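Written out below as structure tokens is the structure these notes cover.
All of the numbers you see were taken from the coordinates with simple rules; none came from a lab. Just so you know, these numbers come straight off a predicted model, no measurement behind them. We place every Cβ from the backbone using ideal geometry, glycine too, and count neighbours over all the protein chains shown.
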Amino acid sequence: MQDKLNLMIPGPTPVPENVLSSMSKHPIGHRSGDFQKIVQTTTAQLKWLHQTTADVLTITGSGTAAMEAGIINTLSRGDQVICGDNGKFGERWVKVSKAYGLDVKVIKADWGNPLDPNQFKRILEEDTDKKIKAVILTHSETSTGVINDLKSINNEIKKHGKAISIVDCVTSLGACNIPMDEWGIDVIASGSQKGYMIPPGLSFVAMSKRAWEAYDLSDLPKFYLDLKQYLKAVNKNSNPFTPAINLYFALEASLTMMQQEGLNNIFKRHARHQKATQEGIKAMGLNLFTNEGFGSPAITAVAPENIDAESIRKTIKNDFDILLAGGQDHLKGQIFRIGHLGFVNDRDIISVISALESTLDKMGKLDVPIGRGIAKTISVLNKD
């Protein structure tokens with residue numbers, strides 16, 4: 001049967017029907033009063049999601065646009081920065097930073113391991129001359145399924161007193177608690193196709209007061225991603241350029257859904273689905289790629305032994321029309337990744353675990369009695 005594809009990847013994520021319906025409306029003028037009302041509403045909703053009174057700006061572009069905007073609006077060529085790198089998207093931060101001529105010190109961890117807050121602490125404490133201008137890292141490292149200890153790392157940044165924090169929260173915002181004001185985070189970048197539950201095309205940058213102070217000292221080139229233009233426009237409930245109007249329709253619908261569910265319920269749902277997925281995986285005899293206790297609420301990475309991960313993905317796609325994510329770079333064929341982010345419910349979790357267990361049995365690679373994995377998953381869902 002065609003057209004039954006179930007996205008269980010870390011993005012794009014499934015889109016609710018009412019969000020799709022909102023997108024299908026005829027476009028309106030982006031300088032009209034009707035559009036200004038939508039900008040006003042979504043701006044307030046975005047502040048709610050970020051748990052902040054700071055400015056949250058909407059860009060027509062991918063999450064990488066928000067990441068780049070965070071750098072070029074707060075830093076200058078030659079500035080010393082720390083980049084955390086424990087996966088594909090940590091590597092991207094390093095590449096973007098070097099592209100703009102920043103002096104980059106990299107704190108690394110092996111893929112599958114979290115970044116060590118003590119390494120940030122040591123380097124920041126040694127910087128007595130306060131030359132480090134920013135610490136840049138990824139919260140939820142999508143390529144490996146690791147969640148980094150953002151709160152602890154950010155505490156060390158605040159103790160430094162000079163450096164600002166620039167954080168990729170693309171797959172963590174809307175999946176777990178990130179209280180921007182309470183933790184004192186300076187710049188948060190995110191993208192629409194993740195926890196926001198809408199298609200790709202919008203990205204978001206939240207800027208603290210300290211981030212705006214850094215803006216005034218920044219000399220990196222910027223035009224389309226000049227956030228002061230966005231701030232000036234959003235204060236008039238507008239946008240400096242032609243925005244993706246229909247994605248704004250979707251954004252308003254999705255954020256309204258999220259407000260109705262409530263932040264705590266959203267976080268609990270993601271934690272519950274994470275646990276049910278992980279426990280089901282372990283019960284059927286497979287290994288988690290991520291160290292215990294550091295799994296992301298957005299995605300679970302699985303490292304099957306003596307089985308090509310790509311053959312598992314292919315069989316599940318062919319037999320069940322369920323799309324899983326593969327490993328990247330040197331992890332291709334070694335891991336596969338199950339997304340449980342955004343518009344995902346219990347049925348989706350049960351379906352993917354059942355399909356995986358059936359696939360392993362079909363391949364002759366299931367080393368435990370069939371049904372053990374899904375039984376554990378159901379037990380977790382029913383208990384929690």
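Listed by chain and number, the lysines placed with their C-alpha closer than 21 angstrom to that of K47 are K37, K151, K194, K209, K228, K232, K236, K268; residues fewer than eight positions away on the same chain are left out. Expressed to the nearest 5 percent, the antiparallel share of DSSP beta bridges inside segment 17-260 is 40 percent. Output the pairs from K4/K376; K133/K332; K98/K282; K25/K383; K105/K275 with a Cα-Cα distance over 30 Å in this structure; if there are none, say none. Cα-Cα > 30 Å for K133/K332; K98/K282; K25/K383; K105/K275; rest within. Which net charge results for the neighbourhood of D384, defined as the other residues with beta-carbon distances under 12 angstrom from its beta-carbon, given Lys and Arg at +1 and Asp and Glu at -1? The answer is +3. At an R0 of 25 angstrom, the distance between the Cβ atoms of S238 and N265 translates into a FRET efficiency of 0.15. For the Cα trace of segment 187-334, dividing Rg by the Kirkwood Rh returns an Rg/Rh value of 1.07. For the chain, the longest piece that avoids every one of the GluC sites (Glu not before Pro) found in DSSP loops with at most 11 other C-beta atoms within 10 Å covers 1-291. Over all other residues within a Cβ to Cβ distance under 9 Å of P10, the charged ones net out to +2, with Lys and Arg as +1 and Asp and Glu as -1. Mind putting together the pair-distance distribution for the chain? All Cα pairs, 20 Å bins, whole percent per bin, short to long. Per 20 Å bin, starting at 0, the Cα pair percentages come out as 29, 55, 16, 0. The charge dipole of the chain, taken about its Cα centre with unit charges on the Cβ atoms of Lys, Arg (+1), Asp and Glu (-1) only, comes to about 460 debye. Seen from M197, the other residues with C-beta closer than 15 Å to its C-beta sum to a net charge of -2, counting Lys and Arg as +1 and Asp and Glu as -1.
When the chain is treated as a GNM, springs tying every alpha-carbon pair under 10 Å, which of T144, T242, T171 comes out with the largest mean-square fluctuation? The residue that fluctuates most here is T242. Helix by helix through the chain, keep the DSSP H runs that span 27 Å or more along the axis on Cα and average at least 1.0 on Kyte-Doolittle, and give those back in order. Result, helices passing both filters: zero.
When only Cα pairs below 8 angstrom with a gap of at least 6 residues are kept, the chain shows a relative contact order of 24 percent. Under 20 Å of direct C-alpha separation, and excluding same-chain neighbours fewer than eight residues apart, K222 reaches these aspartates and glutamates: D55, E68, D79, D103, D168, D186, E213.
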